[in-house]
1. Hey, any hits in the range 164-171 for a residue that's in contact with a helix residue (DSSP H, G or I) (Cβ under 9 Å, 6 or more places away or on another chain), assigned to a helix (DSSP H, G or I) and surrounded by 24 or more Cβ atoms within 10 Å (Cβ to Cβ)?
2. Would you call Arg23 among the basic types (Lys, Arg), loosely packed, with under 14 Cβ neighbours inside 10 Å and either over 23 Å from Asp206 (Cβ atoms) or within 21 Å of the chain's Cα centre (by Cα) (or both)?
3. For the list (1) farther than 19 Å from Ile316 by Cβ; (2) out of contact with any Lys or Arg (no Cβ under 8 Å at 6 or more places or on another chain); (3) in contact (Cβ under 8 Å) with a residue 24 or more places away in the chain, I need the number of the one condition that Leu64 fails.
4. Hey, among Asp156, Asp141, which residue is free of Cβ contacts under 8 Å to residues at least 60 places away in the same chain, surrounded by fewer than 23 Cβ atoms within 10 Å (Cβ to Cβ) and charged (D, E, K, R)?
5. Only residues in the range 1-26 that are farther than 19 Å from Val303 by Cβ count as the first member; pair them with residues that are among the charged types (D, E, K, R) and outside any loop (DSSP other than H, G, I, E, B), Cβ under 9 angstrom, at least 6 apart or cross-chain, and list the lot.
6. Among the residues of the range 129-157, what is the count of those that are of a type in the set (Gly, Ala, Ser) and in contact with a strand residue (DSSP E or B) (Cβ under 6 Å, 6 or more places away or on another chain)?
7. Would you mind telling me which numbered condition in (1) at pLDDT 95 or above; (2) more than 23 Å from Ala68 (Cβ to Cβ); (3) touching a helix residue (DSSP H, G or I) at 6+ places or on another chain (Cβ under 9 Å) Pro111 fails?
8. Considering every residue within the range 81-96, establish whether at least one is surrounded by fewer than 17 Cβ atoms within 10 Å (Cβ to Cβ) and in contact with a helix residue (DSSP H, G or I) (Cβ under 6 Å, 6 or more places away or on another chain).
Amino acid sequence: MASYPEVRLRRLRRSAPMRRQMRENRIDPARLVLPVFVTAAAEARPIPALPGHSQLPVGEAAALAKEAEAAGIGGVLLFGLPAAKDEAGTGAWDPEGPVPAALRAVAAAAPGLVRWADVCLCQYTSHGHCGVLAGETVDNDATLPLLSRAAVAYADAGADVVAPSDMMDGRVAALRRSLDGAGHHDVAICSYAAKFASAFYGPFRDAAGSAPAFGDRRSHQLDPANGREAQREIATDVDEGADLVMVKPAGPYLDVLAVARREAGVPVVAYQVSGEYAALHAAADRGWLDLDAAVTETLTGIVRAGADVVITYFAIEAARMAATRG
């Protein structure tokens, strides 16, 4: 093989136009999804741990969706904060709840966006766990029909994608049966298939009001040490009918993402979670890094690892930066 001095790899990096043309991976705004917190309250409330984000009433959520569409991003992922909570999380399938109302409003305000709806009970239960309880343990099988009711309610309201984040066994098959039984054959399921018990969820739990009142979620979320188990979860959800699978968080699990991209056979989604967003902002606020450069680098790394779609709180900013870079 030829080597230096005949081979000079710097030739393809010597100018900005050359680097732009030779770039192997790009952040495509159409593949970005913006998480949006929709509240039943009448007024918006800023989220301190997520600078630039707020809990938004339905009308303001629709306005944000319109802004996102204008920036060129592909979709929004809706999380609901109900007016009241109970032991079973019944607000999750209220047809007039914040997520169904926002789905209808977003469809009218920003029809070019793909509408994603998170499916879980943690924001709706008084105890903050992802399903109904048997003692202090989440009852997997008793939770499945409730998740299915929520998914159908969101599909009825116009969701294009329902995204179960609960990590119950069998949930994808249960949702698919219920969606098809309700005539929603065309609504896609994006399973949070490889969702790890991560330290990076703290800001989200504050934003969504979903912190558990006791215990934790380690009995159903993945152990951060287990890459092979993550691939088994992904394969199981694909077999049950998942149209897309997700790796969450993105940054600490790029190895899991890369294997999923090679093996899953369906589009792979990566979620750059709240703690990743907050950490970059905190470092930038202290002058320790350039925020725009760090956003571009981290998102490029996620795409390079194999993500077909990236859910990120930076979606609008990243889309605008991508448009500027060309």
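The values are calculated or read from the model by the stated rules, or taken from the named source; none is laboratory data. Here the structure is a predicted model, which means the values were calculated and not measured. For neighbour counting, all protein chains shown are included, and Cβ atoms are generated from backbone atoms with ideal geometry for every residue, glycine included.
1. Yes, the range 164-171 contains at least one residue that is in contact with a helix residue (DSSP H, G or I) (Cβ under 9 Å, 6 or more places away or on another chain), assigned to a helix (DSSP H, G or I) and surrounded by 24 or more Cβ atoms within 10 Å (Cβ to Cβ).
2. Yes.
3. Among (1) farther than 19 Å from Ile316 by Cβ; (2) out of contact with any Lys or Arg (no Cβ under 8 Å at 6 or more places or on another chain); (3) in contact (Cβ under 8 Å) with a residue 24 or more places away in the chain, the lone unmet condition for Leu64 is (1).
4. After ruling out the rest, the residue left standing is Asp141.
5. Going by the 9 Å Cβ cut-off, the qualifying pairs are Leu12/Arg19; Arg13/Arg19; Met18/Arg11.
6. 3
7. With (1) at pLDDT 95 or above; (2) more than 23 Å from Ala68 (Cβ to Cβ); (3) touching a helix residue (DSSP H, G or I) at 6+ places or on another chain (Cβ under 9 Å) applied to Pro111, the lone miss is (2).
8. The answer is yes; a qualifying residue exists.
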